[in-house]
Amino acid sequence: MWCRHLVAGKMLGLFGILPQSRQASVISNFRENDASDLARQLSVLKELYREANTEALTQRARAAWLHELAKALARPPKGWRRWLPYELWSRRVLRRLAAENIFDGADYMSRYPDVRLDGQNPVYHYLAHGIGEGRDAGGRLSTCAHIDPDLSAIPEILASRLFDANWYAERYGVTGSERDLAEDFLRASAADALRQPGPLFSGSFYSLENPDIREINPLVHYLRYGMQQGRRAFQSATADAFMTDASDQPIHTIYDLLEPGRPVVVLHWKDGNFFFTDIAKYISEVLNSQGYRVILRDDHRNIDLRSVEIIVVAPHEYCVHGPGVEFTPQVAGRIVYVNLEQWHTSWFSLALDKMLKSRKALDINPLSARGLSRLGIKAGFLPLLPAKGGVFDLGQAPPSRQLTQLRAIKPLTYPRDILKRPYDILFVGYLNERRARALADLGHALSGFDCFLHAPRFNGPVTTENPNMIGGRDVAQIAQHAKLLLNIHQGESHYFEWHRLVISGIAQGCIPLTEPCADIGIVKPGEHYIEAAIEEMPARIEWLLSTSEGQMEIKRLHKNGQVLMARLQKQFAGRAL
């Protein structure tokens, strides 16, 4: 059934450049197939995509050729040539077009004698009649439909680790050295848009996301321009699978990335997201507790960086919008970058551009850290924990004026019994199209319970000055008065958001009810939180909050969460972090 909807909707628009007869043939194939024959349907889709891509390359080459031809024809004669008769001038133009390999009139007329017999100018004939009749212009137009591979990019491709030689050799049945395989990829992908360099990067996806890249290999474009421009490169499901399959990769601690005995400068952008500032403070607390001399700053320009270790929190902010744009290559090459972004976002591309320069990084998600290791980056996991007296020890505190001034909240009494908490459901998260749809779908189910819902729209970093911002300490106070913490992913990725689920949820005794998350191994679904697809959540909410069995489940998960937090505090205490 899915194929009929696909054909009826997007297929004709996506592949409309193909001849009508070819479209009809493909549609017929789809309709004849049973929905269970998915592999064959996908094979037909791939075939159609390749044909459409080949036709698109041909059309693009023709457009480029016509542009060159128009420039050559519009070039006015100079000097005495301006007084030549038209016939002599047009012959000179034909000779010049042939010399510049734009159009060979003699070759065109030798292949189409009727043009010579009619005495027509070959250029005029091709533009007026030949294109519409499907005649071959010859020369450059016959050979420039495909992108010429830039073999000078091979070292960059190999260094990026986005090209996986072993995966490529197995996938496409080719052999040779890493360099040979990279060259094979560059040559083959010029003609086949579905040719992939590895399990993470898809040239066809990148081209669809960035249709302006034109005559350059998508991977080469991403490495040379796309990363530093913040172009989205990775599909959610593909990135999730890449990280999940990296279970054999080493994962380090923050101490493995620093030289013992040297002072550490921790940098963050003062105008950036307030949460990133909290992360910088947390890193400083952790290192201070282990005897490191730590300098926490929002600007490095008055610090001598030659004799210190450097940690940059959120490089997509500090190194793109903040003072980090002034880092020399030598300094940028020895920084430990702290990645806080999900892989399917444009912000991750900006961060990856920096991390690949130093090959040292920290991540607050263990799967993401392993994924970075798979890309050849020495990556460590930084678990965020509510260490006593630290920035994430949110405890009990009066709500801020910013929270109460614009919002009505229930009295904060901190009941010991989770079932006596006044809020049934808490949701705090910025609103995008996906979350808006999900909340609309859940509206009827949520309407029967006491909810605290905060879903503002933001344009740019979320700063403490923004009246729509609720700080982490205020969120914790509400979470300590809520039974369930609703989590809706910002995109299609199943990324496990540690700060939201653990710090704002489990650490506050509030049970996360979330869309399915990637298994990070440390915190487990069914044991510490509840997983459900959006369409399953109404029934799950009703059961949890309205039945005695569901309420017992809430109490069980609440107790498991307390045990988990105690274990994590002990496991990651001190140098185990």
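The values are calculated or read from the model by the stated rules, or taken from the named source; none is laboratory data. Computed from a prediction, not measured in an experiment: that's the story for all the values here. Positions of Cβ are backbone-derived with ideal geometry, glycine not excepted, and every protein chain shown enters the neighbour counts. Accessible surface is based on the protein model in full, side chains and every heavy atom, while ligands, DNA and RNA are left aside. Shrake-Rupley method; radii C 1.70, N 1.55, O 1.52, S 1.80 Å.
Please find, among Ala182, Ala191, Ala137, the residue that is surrounded by 21 or more Cβ atoms within 10 Å (Cβ to Cβ) and within 30 Å of Ala99 (Cα to Cα). It would help to see each step written out before you state the result.
Numbers: Ala182 fails: within 30 Å of Ala99 (Cα to Cα); Ala191 fails: surrounded by 21 or more Cβ atoms within 10 Å (Cβ to Cβ).
Of the residues listed, the single one that is surrounded by 21 or more Cβ atoms within 10 Å (Cβ to Cβ) and within 30 Å of Ala99 (Cα to Cα) is Ala137.
For the range 514-524, the candidate set comprises residues that are touching a residue at least 24 places away in the same chain (Cβ under 8 Å) and among the charged types (D, E, K, R); within that set, the residue that is surrounded by the most Cβ atoms within 10 Å (Cβ to Cβ) is Glu515. What number of residues within the range 273-297 satisfy the criterion of being assigned to a loop (DSSP other than H, G, I, E, B) and buried (at least 17 other Cβ atoms within 10 Å of the Cβ)? Residues meeting the conditions: 2.
You will find that of Glu542, Glu549, Glu536, the residue that is in a helix (DSSP H, G or I) and within 23 Å of Asp240 (Cα to Cα) is Glu536 and no other.
When restricted to residues that are of a type in the set (D, E, K, R), surrounded by 10 or more Cβ atoms within 10 Å (Cβ to Cβ) and either at pLDDT below 85 or on the phi > 0 side of the Ramachandran plot (or both), the range 76-95 contains 3.
Restricting attention to the range 513-524, and to residues there that are part of a loop (DSSP other than H, G, I, E, B) and either in contact with a Leu (Cβ under 7 Å, 6 or more places away or on another chain) or of a type in the set (Val, Ile, Thr) (or both), which single residue is farthest from Leu384 (Cα to Cα)? Spell out how you get there, then give the answer.
Taking the range 513-524 as the starting set, the residues that turn out to be part of a loop (DSSP other than H, G, I, E, B) are 515-524.
This time we only want the ones that are either in contact with a Leu (Cβ under 7 Å, 6 or more places away or on another chain) or of a type in the set (Val, Ile, Thr) (or both), so: 518, 520, 522-523.
Numbers: Ala518: 18, Ile520: 14, Ile522: 13, Val523: 13 Å.
Of everything passing the filter in the range 513-524, Ala518 is farthest from Leu384 (Cα to Cα).
Inspection of the range 415-422 finds no residue satisfying the criterion of being open to solvent by 40 Å² or more (accessible area, probe 1.4 Å) and in contact with a Phe, Trp or Tyr (Cβ under 7 Å, 6 or more places away or on another chain). Among the residues making up the range 547-577, those that are loosely packed, with under 13 Cβ neighbours inside 10 Å and within 25 Å of His444 (Cα to Cα) are Thr547, Ser548, Glu549, Met552. The set of residues in the range 372-419 being among the small types (Gly, Ala, Ser) and at pLDDT below 95 consists of Ala387, Gly389, Gly390, Gly395, Ala397, Ser400, Ala408.
Within the range 203-221, being without any contact (Cβ under 8 Å) to a residue 60 or more places away in the chain, hydroxyl-bearing (Ser, Thr, Tyr) and in contact with a Leu (Cβ under 8 Å, 6 or more places away or on another chain) holds for one residue alone: Tyr206.
So, Phe449, is that one without any contact (Cβ under 8 Å) to a residue 40 or more places away in the chain and of a type in the set (A, V, I, L, M, F, W, C) or not? Step through it out loud before you land on a result.
Working: without any contact (Cβ under 8 Å) to a residue 40 or more places away in the chain: no; of a type in the set (A, V, I, L, M, F, W, C): yes.
For Phe449, the condition - without any contact (Cβ under 8 Å) to a residue 40 or more places away in the chain and of a type in the set (A, V, I, L, M, F, W, C) - is not met.
Would you mind finding the one in Asn459, Asn466 that is within 27 Å of Ala237 (Cα to Cα), assigned to a loop (DSSP other than H, G, I, E, B), open to solvent by 20 Å² or more (accessible area, probe 1.4 Å) and without any contact (Cβ under 8 Å) to a residue 24 or more places away in the chain?
Numbers: Asn466 fails: within 27 Å of Ala237 (Cα to Cα).
The conditions single out Asn459.
Looking across the range 196-219, the residues that are within 20 Å of Ala169 (Cβ to Cβ) and surrounded by 21 or more Cβ atoms within 10 Å (Cβ to Cβ) come down to Gln196, Pro197, Gly198, Leu200, Phe201, Ser202, Gly203, Asn217, Leu219.
Yes/no matrix, rows are residues, columns are (1) more than 30 Å from Gly390 (Cβ to Cβ); (2) of a type in the set (Phe, Trp, Tyr); (3) crowded, with 20+ Cβ neighbours inside 10 Å:
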{"position": "Ile511", "(1), (2), (3)": "no, no, yes"}
{"position": "Gly526", "(1), (2), (3)": "no, no, no"}
{"position": "Glu535", "(1), (2), (3)": "yes, no, no"}
{"position": "Glu542", "(1), (2), (3)": "yes, no, no"}
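The residues in the range 567-577 that are within 34 Å of the chain's Cα centre (by Cα) and part of a helix (DSSP H, G or I) can be counted, and the count is 7. No other residue among Ser247, Ser236 is touching an Asp or Glu at 6+ places or on another chain (Cβ under 6 Å), touching a residue at least 60 places away in the same chain (Cβ under 8 Å), among the hydroxyl-bearing types (Ser, Thr, Tyr) and on the phi < 0 side of the Ramachandran plot apart from Ser236. Criterion first (within 19 Å of Arg473 (Cβ to Cβ) and open to solvent by 70 Å² or more (accessible area, probe 1.4 Å)) does Lys270 satisfy it? When the stated conditions are applied, Lys270 does not pass them.
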